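The values are calculated or read from the model by the stated rules, or taken from the named source; none is laboratory data. Note that this is a predicted model, so its numbers are computed, not measured. Here Cβ is always computed from backbone atoms with ideal geometry, including for glycine, and neighbour counts include all displayed protein chains.
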Amino acid sequence: MDKNVDYSKYAVVMKGITKRFPGVLANDRVDLFVKKGEIHAIVGENGAGKTTLMSQLYGLIKPDDGKIYINGVEAQINDPNDAISAKIGMVHQHFMLVDRLSVVENIVLGQEPVRGPFFALNRARKEIKDLSKKFGLIVDPDSIIEDMPVGMQQRVEIIKVLYRGAEILVLDEPTAVLTPQETNELFEVLKSLKSQGKTIIFITHKLNEVMAITESVTVMRLGKVTGVVKTSQTSSKELANMMVGREVLLTVEKNSAHPGDEILQVKDLVVKENRGIEAVRGLSLNVRSGEIVGIAGVAGNGQTELTEAMTGLRKVESGKIIFKGQDITGFSPKKRREMGMGHIPEDRLKHGLIKTFPIYYNFILGEHDDPKFSDGVFLKIEDIRKFSENLVKRFDVRPPKIDLLGMNLSGGNQQKVIVAREIAFDPALMIVSQPTRGLDVGAIEFIHKTLISMRDKGIGILLISMELEEIFSLSDRILTIYEGQIMGEVRPENTTTEEVGLMMAGHRLEDLHQEA
């Protein structure tokens, strides 16, 4: 313990935390100081060590070295039960709820109040109502989780940790799947928790949210702390520079679009999800050459099924997909690719890369039978390697080693490989789904510049993203999807995030204009 620092002023002190995984130093003598009753952000690039650090605070993994102090007292946190005993709660990015159970059943799971041998349901319901009222987290205890919107599910997660007595709350990317309205509601909840003495640690890559809600920030890069600043004395630009180690453009620089002819038309499309339920319901849209059409929506509203139908990965129940004036509804993915349809998939490891193959092979996926790369029997390995080395340089893939396996690249560099491959084959249309999911500010800057460059070269782009800031920055037109239907079309310069957020929640544009 530092003799000059009074640890009792801090809810959390993590001192000299070091964690190694095979071949990776995830946390390198990290110090974290979080004052009691503040909202403190931890920011950094992918792989900076943020979640690893918090996983040690919550007992999910054990540090190799270092000490943890809670309210000035050294704590031995070997597992989540120790963390809960220390009054620490963690709300994970992917909710840990049982869909088929009710709110009350999820919250008390593992700590059910009993009366004799029986589950005291009414007592549990009352305790949850009291907690909800106290912290402004109003939920219906009897609602079933799978019937609730995402924002309400997150409230349940927060109540769950409060029910277990948490005084210190760790939230990992808490706004990743929320509408703007739900994000604002969450921020009000966090302010209420803070006003009642709770300490909140907020992991995020959204720097505008850091500026809006936090009082202090710890910045990490490559497993180390690169800075600790008061939010009131910094800016998004400075934080981004500290995260990446260089100046980063946070705003997308683009000229006006000059759209050409219509290249894609989707008419009355109906697509089912895996359980046989309609996920896309009579959806129509169009894309012209040289424009970016963005589709905004909360996860699970048909975006995945729409993307898979357009790229030939999912059967269309009814409706048509017209590409370059030709009905391609029944065409295979390969045929669509040969016609000039590129695809950046939302799940890069499932549909974008073969992670156990080297980078040079991943660069020719879908084109391996092209005469440039094959003589009809054998691959032309030397030609493929030259082609790959050129792309690695052009797209700054790091490390620039084409023999590395796909799995050994960071998420941002895996995405660069996919983008490079798709662009290299001169598409006329790109279906781009969640292009910056899980990426840090440096990789996001690169992807955004690349998409604008493609648009300016006359490529039509259909952009599906749950990042509303990304939709507004890149799109020339915005369509909003809800339960598989388009709620309205707007231009980014003529609308607001609030209006798009209302459409994301199920309000049709014409109804909003009538109400106005």
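Need pairs with beta-carbon distance below 6 Å; first residue modelled with pLDDT of 75 or more and within segment 104-116, second in a loop (DSSP other than H, G, I, E, B) and surrounded by 14 or more Cβ atoms within 10 Å (Cβ to Cβ); sequence gap 6+ or separate chains.
Filtered contacts from segment 104-116: Val104/Pro141; Asn106/Leu97.
Looking at His343, His351 in this structure, which one is within 30 Å of Met407 (Cβ to Cβ), assigned to a strand (DSSP E or B) and touching a residue at least 12 places away in the same chain (Cβ under 8 Å)? Quick ask: steps written out before the conclusion?
On the way: His351 fails: assigned to a strand (DSSP E or B).
Of His343, His351, the one residue that is within 30 Å of Met407 (Cβ to Cβ), assigned to a strand (DSSP E or B) and touching a residue at least 12 places away in the same chain (Cβ under 8 Å) is His343.
Among residues belonging to segment 297-313 that are at pLDDT 95 or above and in contact with a Leu (Cβ under 9 Å, 6 or more places away or on another chain), point out the one that is farthest from Asn255 (Cα to Cα).
Ala309
From the list Leu468, Leu429, Leu451, Leu509, which one is within 25 Å of His205 (Cβ to Cβ), in contact with a strand residue (DSSP E or B) (Cβ under 7 Å, 6 or more places away or on another chain), at pLDDT 90 or above and not charged (D, E, K, R)?
Details: Leu468 fails: at pLDDT 90 or above; Leu429 fails: within 25 Å of His205 (Cβ to Cβ); Leu509 fails: within 25 Å of His205 (Cβ to Cβ).
The match here is Leu451.
Surrounded by fewer than 16 Cβ atoms within 10 Å (Cβ to Cβ) and on the phi < 0 side of the Ramachandran plot, is that true of Asp28? Don't jump to the end; show me each part of the working.
Working: surrounded by fewer than 16 Cβ atoms within 10 Å (Cβ to Cβ): no; on the phi < 0 side of the Ramachandran plot: yes.
Considered against the rule, which asks whether it is surrounded by fewer than 16 Cβ atoms within 10 Å (Cβ to Cβ) and on the phi < 0 side of the Ramachandran plot, Asp28 comes out as no.
Working carefully through the options Glu215, Glu209, find the one that is within 30 Å of Glu167 (Cβ to Cβ), under 19 Å from the mean Cα position of the chain (by Cα) and among the charged types (D, E, K, R).
Working: Glu215 fails: under 19 Å from the mean Cα position of the chain (by Cα).
Of the residues listed, the single one that is within 30 Å of Glu167 (Cβ to Cβ), under 19 Å from the mean Cα position of the chain (by Cα) and among the charged types (D, E, K, R) is Glu209.
Where in segment 63-110 are there strands (runs of 3 or more DSSP E), lying fully within it, with 2 or more residues that are more than 26 Å from the chain's Cα centre (by Cα)? Give the derivation first.
Details: elements: 65-70, 73-75, 88-91.
Hits in segment 63-110: 65-70, 73-75.
(1) of a type in the set (D, E, K, R); (2) surrounded by 13 or more Cβ atoms within 10 Å (Cβ to Cβ); (3) within 34 Å of the chain's Cα centre (by Cα): which one isn't true of Lys335, the others all being true?
(2)
Given the residues Val266, Val244, Val280, which is the only one that is over 23 Å from the mean Cα position of the chain (by Cα) and buried (at least 16 other Cβ atoms within 10 Å of the Cβ)?
Values: Val244 fails: over 23 Å from the mean Cα position of the chain (by Cα); Val280 fails: over 23 Å from the mean Cα position of the chain (by Cα).
Step by step, each of Val266, Val244, Val280 is checked, and only Val266 is over 23 Å from the mean Cα position of the chain (by Cα) and buried (at least 16 other Cβ atoms within 10 Å of the Cβ).
For Arg398, work out the one condition from (1) touching a helix residue (DSSP H, G or I) at 6+ places or on another chain (Cβ under 6 Å); (2) closer than 17 Å to Pro333 by Cα it doesn't fulfil.
For Arg398, the failing item is (2).
Given Lys393, Lys386, Lys401, which one is modelled with pLDDT under 90 and either of a type in the set (Phe, Trp, Tyr) or not in a strand (DSSP E or B) (or both)? Break it down stepwise before answering.
On the way: Lys393 fails: modelled with pLDDT under 90; Lys386 fails: modelled with pLDDT under 90.
After ruling out the rest, the residue left standing is Lys401.
Which members of segment 39-68 meet the condition of being among the polar types (S, T, N, Q), farther than 20 Å from Glu209 by Cα and at pLDDT below 95? It would help to see each step written out before you state the result.
Our first condition is that a residue be among the polar types (S, T, N, Q); within segment 39-68, this holds for 46, 51-52, 55-56.
From what's left, farther than 20 Å from Glu209 by Cα: 52, 55-56.
Those that are among the polar types (S, T, N, Q), farther than 20 Å from Glu209 by Cα and at pLDDT below 95: Thr52, Ser55.
Please enumerate the residues belonging to segment 111-132 that are β-branched (Val, Ile, Thr) and over 33 Å from the mean Cα position of the chain (by Cα).
Answer for segment 111-132, where residues must be β-branched (Val, Ile, Thr) and over 33 Å from the mean Cα position of the chain (by Cα): just Val114.
Report, by residue number, each residue of segment 52-82 that is of a type in the set (A, V, I, L, M, F, W, C) and under 26 Å from Leu222 (Cβ atoms). I'd like the intermediate steps shown before the answer.
Filtering segment 52-82 down to residues of a type in the set (A, V, I, L, M, F, W, C) leaves 53-54, 57, 60-61, 68, 70, 73, 75, 77.
Residues satisfying the conditions are Leu53, Met54, Leu57, Leu60, Ile61, Ile68, Ile77.
As an exercise: evaluate Ile42 against (1) assigned to a strand (DSSP E or B); (2) more than 22 Å from the chain's Cα centre (by Cα); (3) touching a residue at least 60 places away in the same chain (Cβ under 8 Å) and give the number of the one condition it does not meet.
(2)
Taking Asp31 and the conditions (1) of a type in the set (Asp, Glu); (2) within 18 Å of Met220 (Cα to Cα); (3) modelled with pLDDT under 95, which numbered condition does it fall short on, given that it satisfies the others?
Among (1) of a type in the set (Asp, Glu); (2) within 18 Å of Met220 (Cα to Cα); (3) modelled with pLDDT under 95, Asp31 violates only (3).
For a quick check of your reading of the model, give me the residue pairs whose first member lies in segment 62-77 and is free of Cβ contacts under 8 Å to residues at least 60 places away in the same chain, whose second is aromatic (Phe, Trp, Tyr) and outside any strand (DSSP E or B), with beta-carbon atoms closer than 8 Å and at least 6 apart or on different chains.
Ile77/Tyr58
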